[in-house]
Amino acid sequence: MGYTITEKILMAHAGKKSVKSGDFIEAKVDFCLGNDITAPLSINEFERVAAKKVFDNTRIALVPDHFTPAKDMKSANNAKQLAVFSRKHGIKHYYEVGQMGVEHALLPEQGLAKPGDLIVGADSHTCTYGALGAFSTGVGSTDLAAVFIKGKCWFRVPESMKFVFKGKLRKWVGGKDLILHTIGDIGVSGAAYKAMEFTGDAIRHLPMEDRLTMCNMAIEAGAKNGIIEPDAETIRYVKKAIKEFNPERKAYKCYTSDKDAGYSKVIEYDVSKIEPLVAMPHLPSNVRPAHKIKDIKIDQVVIGSCTNGRISDLRIAAKILKGQKVKPWVRLIVIPATQKIYLEAVNEGLANIFVHAGAVFSTPSCGPCLGGHLGILAAGERAIATTNRNFVGRMGHPQSEVYLSNAAVAAASAVKGRICHPEDVI
Amino acid sequence: MKYKGKVHKFGNDINTDLIIPARYLHMTTAEELAQHCMEDADVNFVKKNKPGDIIVGGDNFGCGSSREHAPIAIKGAGVSCVIAASYARIFYRNAINIGLPIIISQAASKELHDGEMIEVDTEKGIVKNVKTGKTYASDVFPSFLQKIIKADGLMNYTTGAKPARSKKKK
């Protein structure tokens, strides 16, 4: 029997000639990352065992993106710990506020996540980079500390599930809707411990930014990783990113799944039947078509995050908001995920559209997505957000509510003051 | 290892935001985090919990964010071990890595109730209801993970360093 792309990447990095699901392997890590919440614990462990040197100071990214620009003194101390450690060990990819972006938007943009790479990050949404044909997964802080020292990590080889997306996307439907539909179908533990491999002609026609959104939310189905075989779109995206930001790290390798590879399950979806979707509180699997949702008034709208804070999301939002006004008593918070996206939004006139519509246009940060800062909900308040989790208390008070959607649904809802389909506005 | 304590029962899909809400993630010590353990799942948990007590969850315990603060908060609160029908994978790794005993038992997860006194024997793989005497089988760790557990966590397994988080008194 042949191998899946996930198995091939793990096999290559473990130096093995064969693997099967369930095997425990120790594999070489090409790149790792931590942020201002998770990396302080890793640094504490690194120092507790009196480690002297990191395995490779060009293969570590430290991104203070969650509670920055520092929201309070404790957060400032945590961010400082990253800066001090980075200076001490010459960490090449440390991103100070001003260069910093939301990590999972930043690394692909910088050409630091590449096809065939094995990447681990102390953040659950590290699975995002599978969109580029990498094996990429979230780990804990102690795992990251061990990677800092050895450049290796242990894994249990996952079974793979194949999701075949066929047909043509409807208007206002994007990667977010495809992944919400999938999670709605299989549930929040429907792919627990497994690799989710996305394929089919609809994926082949999907722009990279939408693919990143899909793999980003693989964790919301409990998956170890999401992954898409590299194609012309992948190569276009990766070459441009490498050339622009990190030309010295230009090597990559494209793996594909064998025709006779083994899958624990194969599921097919006809994307022409998928509408813009909304995940209702309090699970990402609680999915309903936007047009069927009536009379859900909102207090806040957030457009941003590692899921949907990319330039294509901001363009869609601006298209809907152009010449419109945010409904009175509603707050619209637009957060470009990186500095590059921020600048593009300014240069393309998108920032202008947002501010004229009555939105705030914020500096990059994870901010409200995890209830950190820049838009915390009060008791009884309700938000629609392009983020990835709608758990109890995720964006603030335990008695607040979060609804998840794509950027078009979120922007339209800001205009109407209630959750709606984009066509209710445009 | 053997543990004895009172059950605190929770449902399915207990995510790490419920275990330790992000509003406390600027904290990094077990002592601070323990004060807010399980706060958004049960606001009175910290008041009710006694050292040695046992958390019993359903399916997919610890799903969501990779925050290691979640098992640290549970361990810091003095919870002796966690039993669940299944775990989300990052939480499972993190618990092993920091030395929080973590047990899979579908039967125990289904049948145990809040407030019941139980005994857990991790080596034999047995969970016992003290009052009724009923026992439930639990999964034993795969041999690879036993090596990490025997080394008292991942860092010691990786570096051969001395345990600092060991419970054993020196």
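Filtering region B:73-83 down to residues that are more than 9 Å from the chain's Cα centre (by Cα) and hydrophobic (A, V, I, L, M, F, W, C), which residue is nearest to residue B:17 (Cα to Cα)?
If we filter region B:73-83 for residues that are more than 9 Å from the chain's Cα centre (by Cα), which is where we start, we get B:73, B:76-78.
Right, trim to hydrophobic (A, V, I, L, M, F, W, C) and you get B:73, B:77.
Details: B:73: 12, B:77: 16 Å.
The residue in question is B:73.
I'm trying to understand the selection: among the residues of region A:26-48, which are within 11 Å of chain B (Cβ to nearest Cβ), buried (at least 18 other Cβ atoms within 10 Å of the Cβ) and not acidic (Asp, Glu)?
Once the filter is applied, which keeps residues that are within 11 Å of chain B (Cβ to nearest Cβ), buried (at least 18 other Cβ atoms within 10 Å of the Cβ) and not acidic (Asp, Glu), region A:26-48 yields A:34, A:35, A:37, A:38, A:39, A:40, A:41, A:42, A:43, A:46.
When you look at residue A:105, is it within 27 Å of residue A:26 (Cβ to Cβ), away from chain B (no Cβ under 11 Å), in contact (Cβ under 8 Å) with a residue 40 or more places away in the chain and under 15 Å from the mean Cα position of the chain (by Cα), yes or no? Give the steps one after another, and end with the answer.
Working: within 27 Å of residue A:26 (Cβ to Cβ): no; away from chain B (no Cβ under 11 Å): yes; in contact (Cβ under 8 Å) with a residue 40 or more places away in the chain: yes; under 15 Å from the mean Cα position of the chain (by Cα): yes.
For residue A:105, the condition - within 27 Å of residue A:26 (Cβ to Cβ), away from chain B (no Cβ under 11 Å), in contact (Cβ under 8 Å) with a residue 40 or more places away in the chain and under 15 Å from the mean Cα position of the chain (by Cα) - is not met.
Kindly provide the set of residues from region B:45-79 that are in a loop (DSSP other than H, G, I, E, B) and of a type in the set (Gly, Ala, Ser), ordered by number. Quick ask: steps written out before the conclusion?
Applying the first criterion (in a loop (DSSP other than H, G, I, E, B)) to region B:45-79 yields B:49-53, B:57-60, B:62, B:64-68, B:77-79.
Correct list: B:52, B:57, B:58, B:62, B:64, B:65, B:66, B:77, B:78.
Could you please find all residues in region B:85-117 being within 9 Å of the chain's Cα centre (by Cα) and hydrophobic (A, V, I, L, M, F, W, C)?
B:95, B:100, B:102, B:103
State the number of residues belonging to region A:258-292 that are within 14 Å of chain B (Cβ to nearest Cβ), closer than 30 Å to residue A:157 by Cα and not hydroxyl-bearing (Ser, Thr, Tyr). Walk me through how you get there before you give the answer.
To start, the set of residues in region A:258-292 that are within 14 Å of chain B (Cβ to nearest Cβ) comprises A:279, A:281-286.
Okay, now just the ones that are also closer than 30 Å to residue A:157 by Cα, so A:283-286.
Now drop any that are not not hydroxyl-bearing (Ser, Thr, Tyr), which leaves A:283-284, A:286.
Number satisfying all stated conditions: 3.
If you check residue A:310 against the conditions, is it under 19 Å from residue A:209 (Cα atoms), modelled with pLDDT of 95 or more and not small (Gly, Ala, Ser)? Explain how you work it out, then say what you get.
On the way: under 19 Å from residue A:209 (Cα atoms): yes; modelled with pLDDT of 95 or more: yes; not small (Gly, Ala, Ser): yes.
So residue A:310 fits the description; yes.
What pairs come out if I take residues in region B:1-20 that are at pLDDT below 95 and pair them with residues that are small (Gly, Ala, Ser) whose C-beta lies under 9 Å away, six or more apart or interchain?
B:1/B:80
Results for (1) under 20 Å from the mean Cα position of the chain (by Cα); (2) charged (D, E, K, R); (3) closer than 30 Å to residue B:14 by Cβ; (4) in a loop (DSSP other than H, G, I, E, B), shown as yes or no for each residue.
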{"site": "A:184", "(1), (2), (3), (4)": "yes, no, yes, no"}
{"site": "A:234", "(1), (2), (3), (4)": "yes, no, no, no"}
{"site": "A:249", "(1), (2), (3), (4)": "no, yes, no, yes"}
{"site": "A:255", "(1), (2), (3), (4)": "no, no, no, yes"}
{"site": "A:259", "(1), (2), (3), (4)": "no, yes, no, yes"}
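Of the residues A:192, A:202, A:223, which is at pLDDT 95 or above and in a helix (DSSP H, G or I)?
Numbers: A:192 fails: in a helix (DSSP H, G or I); A:223 fails: in a helix (DSSP H, G or I).
So the residue among A:192, A:202, A:223 that is at pLDDT 95 or above and in a helix (DSSP H, G or I) is A:202.
Exactly one condition in (1) buried (at least 22 other Cβ atoms within 10 Å of the Cβ); (2) within 14 Å of chain B (Cβ to nearest Cβ) is not met by residue A:374; state its number.
Among (1) buried (at least 22 other Cβ atoms within 10 Å of the Cβ); (2) within 14 Å of chain B (Cβ to nearest Cβ), the lone unmet condition for residue A:374 is (1).
Any residue at all in region A:121-143 that's assigned to a loop (DSSP other than H, G, I, E, B), out of contact with any strand residue (DSSP E or B) (no Cβ under 8 Å at 6 or more places or on another chain) and either more than 22 Å from residue A:15 (Cβ to Cβ) or at pLDDT 95 or above (or both)?
Initial filter on region A:121-143 (assigned to a loop (DSSP other than H, G, I, E, B)): A:122-123, A:133-134, A:139-140.
Filter once more, keeping what is out of contact with any strand residue (DSSP E or B) (no Cβ under 8 Å at 6 or more places or on another chain): A:140.
Imposing the further condition that a residue be either more than 22 Å from residue A:15 (Cβ to Cβ) or at pLDDT 95 or above (or both) reduces the set to A:140.
Taking every residue of region A:121-143 in turn, at least one turns out to be assigned to a loop (DSSP other than H, G, I, E, B), out of contact with any strand residue (DSSP E or B) (no Cβ under 8 Å at 6 or more places or on another chain) and either more than 22 Å from residue A:15 (Cβ to Cβ) or at pLDDT 95 or above (or both).
Got a sec? Which helices (runs of 4 or more DSSP H) wholly within region A:1-104 have at least 1 residues that are of a type in the set (Phe, Trp, Tyr)? Let's see the steps before the verdict.
Numbers: elements: A:5-14, A:39-48, A:73-89.
Here the list reads A:39-48, A:73-89.
Where residues in region A:170-215 are within 14 Å of chain B (Cβ to nearest Cβ) and within 21 Å of residue A:289 (Cα to Cα), which of them is surrounded by the fewest Cβ atoms within 10 Å (Cβ to Cβ)?
Restricting attention to region A:170-215, the residues satisfying the condition of being within 14 Å of chain B (Cβ to nearest Cβ) are A:183, A:186-196.
Okay, now just the ones that are also within 21 Å of residue A:289 (Cα to Cα), so A:183, A:186-188, A:190.
Values: A:183: 28, A:186: 21, A:187: 19, A:188: 25, A:190: 21.
Only one residue fits best here, namely A:187.
Has region A:143-155 got at least one residue that is basic (Lys, Arg) and within 14 Å of chain B (Cβ to nearest Cβ)? Steps first, please.
At the first step, the residues of region A:143-155 found to be basic (Lys, Arg) are A:150, A:152.
When the remaining residues are screened for being within 14 Å of chain B (Cβ to nearest Cβ), the result is A:150, A:152.
Looking for residues that are basic (Lys, Arg) and within 14 Å of chain B (Cβ to nearest Cβ), one finds at least one in region A:143-155, hence yes.
The values are calculated or read from the model by the stated rules, or taken from the named source; none is laboratory data. These figures come from a predicted structure and were not determined experimentally. We place every Cβ from the backbone using ideal geometry, glycine too, and count neighbours over all the protein chains shown.
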